[in-house]
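In what follows, a single structure is set out as structure tokens and then discussed.
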Amino acid sequence: MSPLARSAPAATHEVTNQPPPLEGRDLFADNAPLREALGREGAGHAADRLHAAGRFWGGEPMAWGAQANEHPPVLHTHDRFGRRRDEVEFHPAWHELMAAGVRDGLHALPWTTDEPGAHVVRAALYQCAVQAEAGFGCPLTMTFAAVPALRAEPDVAAEWIPRLTHAGYDPELKAAADKPSALCGMAMTEKQGGSDVRANTTTATALADGGPGGEYELTGHKWFCSAPMCDLFLVLARTDEGVSCFALPRVLPDGTRNAGFHIQRLKDKLGNRSNASSEIELHGAWARMVGEPGRGVPTIIQMVNHTRLDCVIGAAGGMRAAVAQATWHAAHRRAFGARLADQPAMANVLADLAIEAEAAGVTAMRLARAYDEAADDREAELFKRLATAVAKYHVCKRVPGHAAEALECLGGNGYVEASGMPRLYREAPLGSIWEGSGNVMALDVLRAMRATPAVLDAFLAEVDEAGGADARLDAFTARLRERLADPTDLEHRARSVVEALALALQASLLVRHAPPAVADAFCAARLDGSGGLAYGTLPAGVATAAIVARHTPPAA
Ligand SMILES: Cc1cc2nc3c(=O)[nH]c(=O)nc-3n(C[C@H](O)[C@H](O)[C@H](O)COP(=O)(O)OP(=O)(O)OC[C@H]3O[C@@H](n4cnc5c(N)ncnc54)[C@H](O)[C@@H]3O)c2cc1C
């Protein structure tokens, strides 16, 4: 008998102490803060719809998200004969995600229903969907956000809003004038200036008389144009009167290609890889003016503000995804003789991540309600103006560190692609860059308070709803008022002032609406300086176990 035949095979592949896969969830049911917020913010009637969506997005779409990233979009600039094609090809998983997102109304819900609380319903749906994949949210967000801006031009609105709000999704690559549905993108950023769109050099030349609704030819470049397979784009370009806003279709009303629209290349991005972001050139591309000439920024700002709302909602969804993975892993993994979740240092990290995610979630849902109410409530409109900018700055700014720490909770597994954590991590910085980078948002808050002081009154009135409920919040708000009243070096202090506004709002919401353990931990760690720089530095006395239990997905 040979020596090899004598030895028994070594048992090296027994898998122990690994968590079971986190799958087959109802993403709405296992997100307690989101469930509670739905009714509180005026959309309790949609609970069944949210459970159905939660079960859906927690199932097969999780795999679609991974596939759509493993097979990123491919640009076809020309056909084999050398004619321009300017089409982007996507993996079928992307189209599945898009079709499901449209079915859920992520692209249009508030514009297609008279039911109350539509923005809140959509915000909750979005937070479920984005846990499967964030990239496809981009064209759905832009399509949703374009509608209020297009309303500035009744003719263009009448032509496009029915298509942008259509209930179906057409995965056909080619834009076509007779397609019932349509998607809308935006092109503002140029090489020499993104935040400062007044530096735009793209020009618009009137074909006839010009003016609002008039026909123009656009010539120039756009350095970032995401989702270039959209059917329509809102584009900023310069006329004699200044920067103006235009609606540029990929297909002309007669059904021919808008030949002056060229996709140069797709960006090779850090994350958001399922989505296509491109550079485009416009060579006399046909477009119609939306809004008044020279008033392009105030016109497109309607779109920008709604995309900023979605940055907050998306950030909250991303944080929830990270917390679910981290708490699940720690609940099922043992080290040094005990479950990770039961070990004090890990419980501190998990609880800290959880309160951040809960603060983001309640902020997103409260903000969404302001969008529901603003149409006929002046106070809501004022609150919405400031809270959008404050929340966009702070909530998005918190995501990258949060994703990194959640990833670390999974140890080495978290660094491995199949865990899904690297995808969350790569996506994390985007919300803070897009549609107003950190400084730009912080300065926007100062500008809003200067231009309309009543926005601050409305914001602080919301914070004061929790007045007297927590001494730490009362003291923090009093200090905040002093800092706001001091005009010295305000621009230098922009980030710290805006951060304080955000913390005051989040604490107020948590003190009023979250379980005492969550509100106490947040006030202790974020308001009075008792917390440290890293996650996992909640001060002593915080009820970490209760917080972690609230945020851990239940076993199926
Ligand atoms: C994945 C992705 C997709 C995108 N998709 C689109 C799209 O579809 N359409 C589109 O138009 N754009 C898009 N963008 C562009 C994006 O909106 C811009 O990159 C962003 O607005 C910043 O502009 P910028 O890159 O020119 O940076 P800059 O404006 O040069 O800013 C650089 C830095 O300077 C800071 N800064 C700017 N002004 C000031 C100031 N006054 N004081 C202090 N600091 C300041 C900014 O906060 C930033 O940190 C996309 C970007 C990314 C990453």
Open item on the list: So if each residue of separation counts as 0.36 nm, and I subtract the Cα-Cα distance between ALA176 and ALA545, what length gain in nm does that give?
Closed with: 127.3 nm
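What order do you get for 181-187, 485-491, 439-445, 381-387 when each peptide is scored by the mean count of other beta carbon atoms within 10 Å, highest first?
181-187, 381-387, 439-445, 485-491
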Open item on the list: Could you tell me how many cubic angstrom of Cα convex hull volume the stretch 366-436 has per residue?
Closed with: 94
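Could you tell me the calculated FRET efficiency between ARG481 and THR537, based on Cβ-Cβ distance and R0 = 35 angstrom, to the nearest 0.05?
0.80
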Open item on the list: Taking 51 Å as R0, compute the FRET efficiency from the Cβ-Cβ separation of ASP489 and ASP268 and round it to 0.05.
Closed with: 0.80
TODO: Would you please state the base-10 log of I(q)/I(0) at q = 0.05, 0.07, 0.08 1/Å for the chain, with intensities from the Debye formula using one equal scatterer on every alpha carbon?
DONE: -0.21, -0.41, -0.53
Open item on the list: Can you return the lysines within cross-link range of LYS269? Criterion is Cα-Cα under 30 Å, with same-chain partners fewer than 8 residues away left out.
Closed with: LYS174, LYS191, LYS222, LYS392, LYS397
Open item on the list: Counting only other residues whose beta carbon sits under 14 Å from that of GLU405, what net charge do I get with K and R as +1, D and E as -1?
Closed with: -2
Open item on the list: Between GLU408 and ALA555, how high is the FRET efficiency from 1/(1 + (r/R0)^6) when r is the Cβ-Cβ distance and R₀ = 22 Å? Nearest 0.05.
Closed with: 0.40
- [ ] Restricting things to alpha carbons, find the Rg to Rh ratio for the stretch 20-168 using the Kirkwood radius for Rh.
- [x] 1.04
Open item on the list: For a test of the definition: using alpha carbon positions, the gyration tensor, and the 1.5 limit on a/c, classify the stretch 419-522 as rounded, prolate or oblate.
Closed with: oblate
TODO: Between the alpha-carbon centers of the stretch 107-127 and the stretch 246-261, tell me the distance in whole angstrom.
DONE: 30
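Would you be so kind as to identify all helices of the chain, as entire DSSP H runs, whose Cα atoms reach 30 Å or more along the helix's own axis and whose mean Kyte-Doolittle hydropathy is at least -1.0? All intermediate terms of the calculation are to be shown ahead of the outcome.
On the way: long enough: 296-332 (54 Å, 0.43); 344-373 (43 Å, 0.40); 378-409 (45 Å, -0.16).
Helices meeting the span and hydropathy rule in the chain are 296-332, 344-373, 378-409.
Take peptides 100-112, 135-147, 394-406 and line them up by average Cβ neighbours within 10 Å, highest first, as a rough protection proxy.
135-147, 394-406, 100-112
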Task: Distant-in-sequence amide H partners of ALA227 (H built 1.01 Å from N, under 5 Å) - done: ALA276, SER277, SER278
TODO: Work from the charge dipole of the chain (Cβ charges, +1 for Lys and Arg, -1 for Asp and Glu, about the Cα centre) and give the residue of ALA132, ALA375, PRO162 farthest towards its positive end.
DONE: ALA132
Task: For the chain, calculated [θ]222 nm from helices alone, where every DSSP H run of n ≥ 4 adds -39500 (n - 2.57) - done: -15500 deg cm²/dmol
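With a 1.4 Å probe and every protein chain left in place, work out the accessible area per residue of the chain in Å², rounded to a whole number. Mind dumping the intermediate values first?
Values: 22580 Å² over 556 residues.
For the chain, the solvent-accessible area averages 41 Å² per residue.
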TODO: Count the net charge of all other residues whose Cβ sits under 15 Å from the Cβ of GLN18, scoring Lys and Arg as +1 and Asp and Glu as -1.
DONE: +1
Task: Separation in nanometres of the label points that stand 7 Å from Cα toward Cβ, at VAL15 and ALA208 - done: 6.7
- [ ] For the chain, with all protein chains present and a 1.4 Å probe, just round the carbon and sulfur fraction of the accessible area to a whole percent.
- [x] 53
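The values are calculated or read from the model by the stated rules, or taken from the named source; none is laboratory data. Values in this document were obtained by computation on a predicted structure and should not be read as measured data. We place every Cβ from the backbone using ideal geometry, glycine too, and count neighbours over all the protein chains shown. For the accessible areas, the whole protein counts, side chains as well, though only heavy atoms, and no ligand, DNA or RNA atoms are used. Shrake-Rupley method; radii C 1.70, N 1.55, O 1.52, S 1.80 Å.
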